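Trainee: First, the structure itself, so that you have it in front of you.
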Amino acid sequence: MNPITFRQDIEPLDLGAILNIVQSSGFFSAAEVELACELAADRLEHGKQCSYQFLFAEDSGQVVGYTCYGLIPATAGSYDLYWIAISDALRGCGLGKILLQKTEDLILNTGGLQIYAETSSRSQYAPTHRFYENCGYIPEAVLKAFYAPDDSKIIYSKALK
């Protein structure tokens, strides 16, 4: 792996990279993949007036991971982590932890106090649960049968101060 660089500005070519990264995980439905691309398209169209913010990780100029996050309206410093995804080729090598830490630093530097991440309770998400917990997140709530009868939503949180 070459030295990873990071940037916040979104570029039109990032839509294809986001699509490829999210699809490569094999975890997300077609509707979820479409949503990931819609958030990026919204940021491209509306610029800084859009509430969705991004951090991209690049290897030799190629996007290999990203986060999408934003301030939760009507809160005093609570942020949602909408997406964190790493390309299949680099998943499991520690890039996700670095990307998440850099995202947390950006949020903290803008006055953020708390970050929330939601995920599925399905067994295929056990590595995701471990990832969040290893990064200092705690499960705050479980919304039973949220996504489907046997698929609850787990809401993780982390205080940034």
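Trainee: For the stretch 10-61, what are the residues that are touching a strand residue (DSSP E or B) at 6+ places or on another chain (Cβ under 8 Å), of a type in the set (Gly, Ala, Ser) and without any contact (Cβ under 8 Å) to a residue 60 or more places away in the chain?
Mentor: Ala17, Ala36, Ala40, Ser51, Ala57
Trainee: Test of understanding: among Ile115, Ile154, which residue is surrounded by 15 or more Cβ atoms within 10 Å (Cβ to Cβ), closer than 16 Å to Tyr69 by Cβ and of a type in the set (A, V, I, L, M)?
Mentor: Of Ile115, Ile154, the one residue that is surrounded by 15 or more Cβ atoms within 10 Å (Cβ to Cβ), closer than 16 Å to Tyr69 by Cβ and of a type in the set (A, V, I, L, M) is Ile115.
Trainee: Name the single residue, out of those in the stretch 60-79 being under 14 Å from Leu90 (Cβ atoms) and of a type in the set (Gly, Ala, Ser), that is surrounded by the most Cβ atoms within 10 Å (Cβ to Cβ).
Mentor: Gly65
Trainee: Something else now. Taking the stretch 144-161 only, how many residues are within 16 Å of Ser123 (Cα to Cα) and touching a Ser or Thr at 6+ places or on another chain (Cβ under 8 Å)?
Mentor: 8
Trainee: Scan the stretch 58-80 and tell me whether some residue there is in a helix (DSSP H, G or I) and modelled with pLDDT of 95 or more.
Mentor: No, that holds for no residue.
Trainee: Something else now. Being among the aliphatic types (A, V, I, L, M), out of contact with any Cys (no Cβ under 6 Å at 6 or more places or on another chain), closer than 22 Å to Thr128 by Cα and crowded, with 20+ Cβ neighbours inside 10 Å is true for just one of Ala30, Ala57, Ala89. Which residue is that?
Mentor: Criteria check complete, one pass: Ala57.
The values are calculated or read from the model by the stated rules, or taken from the named source; none is laboratory data. None of the values given here were measured: they were computed from a predicted structure. FYI the Cβ positions are ideal-geometry reconstructions off the backbone, even for glycines, and counts take in every protein chain you see.
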